[in-house]
Amino acid sequence: MEKKLKDLREEYLQTPIPKELNDVVQAALNEKPRKKPRVARTIWITAAAALLIVTASVNMSPAVAKAMSDIPIVEKVIEVITFVEWNEEENNSSAVIKTPAITGLENKQLENSLNDKYIAESKQLYKEFTDSMSTLKEGENGNISVESGYKILTDNDTILSVQRYTDKIQASSSTESQFDTVDKKNEVLLTLNSLFKDDRYLQVINENIMEQMKQQMAEDPNKIYWVEDDEFVEFKGIDATQNFYINKDGKLVIAFNSYEAAPGYMGAVEFTIPTKVISDLLVGDQYIH
């Protein structure tokens, strides 16, 4: 696994600069044009990786950066690509694990930390799957399914919200998600605390979520949440580390994984918080409105 990731990283970083930029780069480096090397490609590296290579090349050389800055058609583009994908199937079990990568940030410390985190998450999922398969006896079926991927929930001039999800089936099913929301203009990672003036928001949001839970249960008898008067596990509310994202409409969405706020059959659940409920507590309306 470690060797596969290392090889992919090396190939990723050694991919040649796109042909249309070659003359500019060569002139900046005062080198004669050379024949473009033939580089093997894996089926897991997408064509969008070329954009990341250009970005990496600019950061490697001040001369290249200066030459690139003179090209008016080159614009800053922050996007999410599939860095690598694993597909494995054996003993009636399967794993599909897609690892995203954020590209185009000038803040390389943030970009690298996020991408390293995504790789680490995928490595752990792959390890868990292979460890489970290794415990099977000869001829035994694992009946395990793991699917992990990502969704771009919001992508506008201000923010980029990315969800990484994992669906697991092994006797029972579960869905887990993690979210990152990036301020694209200032290139910082937003936290729940950073959106509010102080921690009063926790109680306000908790109360609103419980109201929504009770309302949904009253309207639909098939829905069950672990609110305070439920006979099952009591809903404890959120804290500063709670999963969240900002949707396309500029609304705050609080997200729960399977079993966190409701029985397993409810799966992952989300609650959109009305902005009027939290508007006085927000530090501003740049993100949430």
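The values are calculated or read from the model by the stated rules, or taken from the named source; none is laboratory data. Bear in mind the structure is a predicted one, so any value in this text is a computation, not a measurement. Neighbour counts are summed over all protein chains in view; Cβ atoms, including those assigned to glycine, are modelled from backbone coordinates with ideal geometry. With ligands, DNA and RNA removed, areas are computed over all heavy atoms of the protein, side chains included. Shrake-Rupley method; radii C 1.70, N 1.55, O 1.52, S 1.80 Å.
(1) touching a strand residue (DSSP E or B) at 6+ places or on another chain (Cβ under 8 Å); (2) in a helix (DSSP H, G or I): which one isn't true of Val80, the others all being true? With (1) touching a strand residue (DSSP E or B) at 6+ places or on another chain (Cβ under 8 Å); (2) in a helix (DSSP H, G or I) applied to Val80, the lone miss is (2).
Screening Ile169 with (1) in a strand (DSSP E or B); (2) buried (at least 16 other Cβ atoms within 10 Å of the Cβ); (3) at pLDDT below 95; (4) not hydroxyl-bearing (Ser, Thr, Tyr) gives one miss only, at (2).
Within segment 119-151, track down each residue that is closer than 23 Å to Ile102 by Cα, of a type in the set (Asp, Glu) and either over 20 Å from the mean Cα position of the chain (by Cα) or outside any strand (DSSP E or B) (or both). The one that is closer than 23 Å to Ile102 by Cα, of a type in the set (Asp, Glu) and either over 20 Å from the mean Cα position of the chain (by Cα) or outside any strand (DSSP E or B) (or both): Glu121. Based on this model, can you work out whether Asn208 counts as farther than 30 Å from Val84 by Cβ, surrounded by 15 or more Cβ atoms within 10 Å (Cβ to Cβ) and at pLDDT 95 or above? Against the criterion (farther than 30 Å from Val84 by Cβ, surrounded by 15 or more Cβ atoms within 10 Å (Cβ to Cβ) and at pLDDT 95 or above), Asn208 qualifies.
Screening Lys236 with (1) closer than 19 Å to Glu260 by Cα; (2) open to solvent by less than 40 Å² (accessible area, probe 1.4 Å); (3) outside any helix (DSSP H, G or I); (4) not hydroxyl-bearing (Ser, Thr, Tyr) gives one miss only, at (2). Any residue at all in segment 91-112 that is at pLDDT below 90 and polar (S, T, N, Q)? Within segment 91-112, one or more residues are at pLDDT below 90 and polar (S, T, N, Q). Candidates Thr154, Thr175: the one that is assigned to a strand (DSSP E or B) and either touching a Gly at 6+ places or on another chain (Cβ under 8 Å) or farther than 28 Å from Phe235 by Cβ (or both) is Thr175. Listed conditions (1) within 19 Å of Phe256 (Cβ to Cβ); (2) in contact with a strand residue (DSSP E or B) (Cβ under 9 Å, 6 or more places away or on another chain); (3) open to solvent by 20 Å² or more (accessible area, probe 1.4 Å); (4) free of Cβ contacts under 8 Å to residues at least 60 places away in the same chain are all met by Met213, apart from (3). The residue list Ala261, Ala255 contains one member that is under 15 Å from Glu176 (Cβ atoms), at pLDDT below 95 and either open to solvent by less than 80 Å² (accessible area, probe 1.4 Å) or among the aliphatic types (A, V, I, L, M) (or both), which is Ala261. For segment 156-166, residues that are surrounded by fewer than 16 Cβ atoms within 10 Å (Cβ to Cβ) and of a type in the set (D, E, K, R) total 1.
From the list Lys248, Lys276, the lone residue that is at pLDDT 95 or above, loosely packed, with under 14 Cβ neighbours inside 10 Å and within 20 Å of the chain's Cα centre (by Cα) is Lys248.
Among the listed residues Ser94, Ser113, which satisfies the condition of being open to solvent by 20 Å² or more (accessible area, probe 1.4 Å), assigned to a helix (DSSP H, G or I) and among the small types (Gly, Ala, Ser)?
Just one listed residue meets the conditions, Ser113.
Among the residues of segment 38-54, is any open to solvent by 20 Å² or more (accessible area, probe 1.4 Å), modelled with pLDDT of 75 or more and either part of a helix (DSSP H, G or I) or in contact with a Lys or Arg (Cβ under 9 Å, 6 or more places away or on another chain) (or both)? Within segment 38-54, none of the residues are open to solvent by 20 Å² or more (accessible area, probe 1.4 Å), modelled with pLDDT of 75 or more and either part of a helix (DSSP H, G or I) or in contact with a Lys or Arg (Cβ under 9 Å, 6 or more places away or on another chain) (or both).
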